Amino acid sequence: MISTNNVSLSYGKRTLFEDVTIKFVPGNCYGLIGANGAGKSTFLKILSGEIEPNTGSVEIPANARLAVLKQNHFEYDEYPALQTVIMGHKRLWDIMQEKDAIYAKADFTDADGERAAELEGEFADLEGWNAEYEAAELLSGLGITEDLHYTLMKDLSGSEKVRILLAQALFGNPDILLLDEPTNHLDAESIMWLENFLDNFNNTVIVISHDRHFLDAVCTHVADIDFGKIKMFAGNYGFWYQSSQLALKQRADANKKTEDKRKELEEFIRRFSANASKSKQATSRAKLLEKLTVEDIQPSSRKYPYIAFKPEREAGNQILHVENLSKSVDGQPIFTDISFMVDKGDKIAVIGRNDIAASTFFKILFEEDKADSGDFKWGTTITSSFFPKDNQEFFDTDLNLVDWLRQYSVEKDESFIRGFLGRMLFSGEESLKKANVLSGGEKVRCMFSRMMLQSGNVLVFDEPTNHLDLESITALNNSLRDFDGTILFSSHDLQFVDTIANRIIELTPGGIIDKRMTYEEYLADENIKELRKKMYAAALV
């Protein structure tokens, strides 16, 4: 268990937390949510002891071990991956180092023997003999293959380092586990592995994530940072979001009787509980939800951007024809002989184990890169609009946002431009910010404004959920789900892909896999799993 007592933290005149008293108990997984800048990561740092609050205290049982997902990717550069994982259990690692030092002595004394015996006893109590096996299992589950287990961290990629540091946090069954964005840089298979790991984890977990599917799969509770307080809710993120929307609806309906509101809540809980997928979460959630009252559900103060893409003209039947496209980067093929046709109304998720495959493919379609061979052709009725993963070049200017967006609009009237910015939550003085000082999430919202002005009938998005908060991801998700035109997109957000795509195209060094199905169906299909193995193995021959 970990708890806080009257914790407050301010930076100058800005108060992040005020008199927060909250308890996190074993057996539960808590999703820590809040708007960008609300202090989610800061609160985890307070819990871990990295930051001292202005007032109050954090209480952890004396014998409890706390593990944190480290963010410093260079801290362990001189250690092999497997050792880095084991170092997550500091006491076990210290014992191993001291034992090795004693046994390496040339003049081994009786005192050394006694000390070694003590260490061996504690080593056995901590199940040290299983340490390497457990560390290897964690690495393999997170997609780090055995040939990399003894590779130095400095020789691994950034994505591989992130996975190893996650394995380090999970290692040794910690009593309290603090995870800040653990799904970053994980592929869908690794995320599902982590979901199953946490579903079977019996201690306390507190997690921050922008991946709604992940939060829904693992969380028994939501801890919501709002108005400088942290309020606990039973259920996962989906339940919190839907119940907060229900509370807004009920608050707006002032004439509705309390009894009617209670029945509406009971029906909502019944429907939600029936859809629960994970056994542990479903059982604990059902017990907690039964105790909810109308007064327990409250509307959130969070604001959602209004995202709506409306084509200026309807697309014809000829959308896009791709024929025998191939591309290599640094001598390595990332996709080979890619051929397919896009049909009207397709919503295609473009995926690949190599993150740059989809990005490179999209750049080729918009002539920002060239294929090694092959060709493509857009239909004559197509007006396409592209969201690139890297948007920095659009914001290397000191124009304010009104003037920045005006560049991309036929209509130059300021009130018209401000209307589009307002939809993206830039109102009043916010709309006069300089473009070159925006945060990552603000830049993404500005790019959506630009795309809405372009009124394309084919939308192409390369990782649009990067840098966005949960509210913006939800708004974009709903918009693309309802869009009548054609979409090609890439994303690591499983729920985003699964609720939008009606077709999955995987770009591999060995060719293309093209299936009309949902993403979850694609990931679960055993025949596709075998086909993917062959496609990627073919490139290694």
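The values are calculated or read from the model by the stated rules, or taken from the named source; none is laboratory data. The shown structure was predicted, so the numbers you read here are calculated from the model rather than taken from an experiment. Ideal geometry is used to build each Cβ from the backbone, glycine not excepted, and the neighbour counts take in all protein chains shown. The protein model used for the area step is the full one, side chains on, heavy atoms only, and it has no ligands, DNA or RNA in it. Shrake-Rupley method; radii C 1.70, N 1.55, O 1.52, S 1.80 Å.
Structure values in brief
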| read-out | value |
| --- | --- |
| Segment 133-153, subset modelled with pLDDT under 95 and among the charged types (D, E, K, R), residue surrounded by the most Cβ atoms within 10 Å (Cβ to Cβ) | Glu146 |
| Test result for Tyr30, open to solvent by less than 30 Å² (accessible area, probe 1.4 Å), part of a loop (DSSP other than H, G, I, E, B) and either of a type in the set (A, V, I, L, M) or touching a residue at least 40 places away in the same chain (Cβ under 8 Å) (or both) | no |
| Enumeration of residues in segment 421-458 that are closer than 16 Å to Leu476 by Cα, in a helix (DSSP H, G or I) and hydroxyl-bearing (Ser, Thr, Tyr) | Ser449 |
| Unmet criterion (only one of (1) over 16 Å from Val162 (Cα atoms); (2) of a type in the set (D, E, K, R); (3) open to solvent by less than 50 Å² (accessible area, probe 1.4 Å); (4) touching a residue at least 24 places away in the same chain (Cβ under 8 Å)) for Asp77 | (1) |
| Lone qualifier among Leu69, Leu92, Leu16 - being surrounded by 15 or more Cβ atoms within 10 Å (Cβ to Cβ) and in contact with an Asp or Glu (Cβ under 7 Å, 6 or more places away or on another chain) | Leu69 |
| Segment 346-387, residues that are open to solvent by 10 Å² or more (accessible area, probe 1.4 Å) and closer than 19 Å to Gly485 by Cβ | Lys347, Phe366, Phe376, Lys377, Trp378, Gly379, Thr380, Thr381, Ile382, Thr383, Ser384, Phe386 |
| Arg406 open to solvent by 10 Å² or more (accessible area, probe 1.4 Å), within 25 Å of the chain's Cα centre (by Cα) and within 19 Å of Phe309 (Cα to Cα) | no |
| Test: residue in segment 17-37 that is farther than 20 Å from Lys231 by Cβ and of a type in the set (A, V, I, L, M) | no |
| Flag if Leu470 is buried (at least 17 other Cβ atoms within 10 Å of the Cβ) and modelled with pLDDT under 95 | yes |
| Residues satisfying the stated conditions in segment 33-66, i.e. open to solvent by less than 40 Å² (accessible area, probe 1.4 Å), among the aliphatic types (A, V, I, L, M) and outside any loop (DSSP other than H, G, I, E, B) | Ile33, Leu44, Ile46, Leu47 |
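Per-residue answers, yes or no, for (1) exposed (fewer than 15 other Cβ atoms within 10 Å of the Cβ); (2) at pLDDT 80 or above; (3) under 15 Å from the mean Cα position of the chain (by Cα); (4) not polar (S, T, N, Q):
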residue	(1), (2), (3), (4)
Ser209	no, yes, yes, no
Val218	no, yes, yes, yes
Ala247	no, no, no, yes
Leu265	no, no, no, yes
Arg270	yes, no, no, yes
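Yes/no per residue for (1) open to solvent by less than 80 Å² (accessible area, probe 1.4 Å); (2) at pLDDT 75 or above; (3) in contact with a Cys (Cβ under 9 Å, 6 or more places away or on another chain); (4) among the basic types (Lys, Arg):
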position: Leu288; (1), (2), (3), (4): yes, no, no, no
position: Val294; (1), (2), (3), (4): yes, no, no, no
position: Arg313; (1), (2), (3), (4): no, yes, no, yes
position: Val322; (1), (2), (3), (4): yes, yes, no, no
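Here is a yes/no grid of residues against (1) open to solvent by 30 Å² or more (accessible area, probe 1.4 Å); (2) in contact with a Pro (Cβ under 8 Å, 6 or more places away or on another chain); (3) part of a helix (DSSP H, G or I):
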site	(1), (2), (3)
Thr183	no, no, no
Trp193	yes, no, yes
Leu198	no, no, yes
Val205	no, no, no
Ile230	no, no, no
Phe239	no, no, yes
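Quick grid of which residues meet (1) surrounded by fewer than 18 Cβ atoms within 10 Å (Cβ to Cβ); (2) out of contact with any Ser or Thr (no Cβ under 7 Å at 6 or more places or on another chain):
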site: Gly428; (1), (2): yes, yes
site: Asn457; (1), (2): no, no
site: Thr465; (1), (2): no, no
site: Asn478; (1), (2): yes, yes
site: Arg481; (1), (2): yes, no
site: His492; (1), (2): no, yes
site: Ile504; (1), (2): no, yes
